[in-house]
Amino acid sequence: DNPSLDIDDTDGWGPENINLNNPEEDLRYHVGVHYFSDQGFGTSYATVRLYLGGRLEKEYRRQRLRDQQFWHVADIDWSRRQVVDHNDIYGTFPSGVFSP
């Protein structure tokens, strides 16, 4: 799989960009945002755009996040080329929740 973080903005409003060039056919991919550290700036708002094959499939706008929160935005069922909405907020990164 090897997704790559092509743009990582550590000191501002973004954008950040993650690509997965060779998705595996029979997998479901979880898409989320982890507000790793507010660095004293407080609440932020995240927007996620999901592209499949270079085409914008879904856009999720202005989700309010506080320090350390994790937003499970959606899953991508790659075999069906389908985006499944979630919109779940966790207090921190939910280790062990997401498994293949």
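Take the residues in segment 1-16 that are assigned to a loop (DSSP other than H, G, I, E, B) and of a type in the set (D, E, K, R), then tell me which one is surrounded by the most Cβ atoms within 10 Å (Cβ to Cβ). Walk me through how you get there before you give the answer.
Narrowing segment 1-16 to residues assigned to a loop (DSSP other than H, G, I, E, B): 1-3, 8-16.
Going one step further and asking which of them are of a type in the set (D, E, K, R), we end up with 1, 8-9, 11, 16.
Details: ASP1: 10, ASP8: 9, ASP9: 10, ASP11: 6, GLU16: 13.
Only one residue tops the list, namely GLU16.
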By residue number, the members of segment 1-37 that are of a type in the set (Phe, Trp, Tyr) and either within 12 Å of the chain's Cα centre (by Cα) or at pLDDT 80 or above (or both) are TYR29, TYR35, PHE36
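Sort out for me the strands (runs of 3 or more DSSP E) sitting completely within segment 17-100 that have 2 or more residues that are of a type in the set (S, T, N, Q), out of contact with any helix residue (DSSP H, G or I) (no Cβ under 8 Å at 6 or more places or on another chain) and open to solvent by 40 Å² or more (accessible area, probe 1.4 Å).
Details: elements: 17-19, 28-34, 44-52, 55-65, 70-77, 82-90.
So the answer is 17-19, 82-90.
The values are calculated or read from the model by the stated rules, or taken from the named source; none is laboratory data. Since the structure is predicted, the reported quantities are computational estimates derived from the model, not experimental observations. A quick note on method: Cβ atoms are made from the backbone with ideal geometry, for glycine too, and the neighbour counts reach across all protein chains shown. Ligands, DNA and RNA are excluded from the accessible area calculation, which covers all protein heavy atoms including side chains. Shrake-Rupley method; radii C 1.70, N 1.55, O 1.52, S 1.80 Å.
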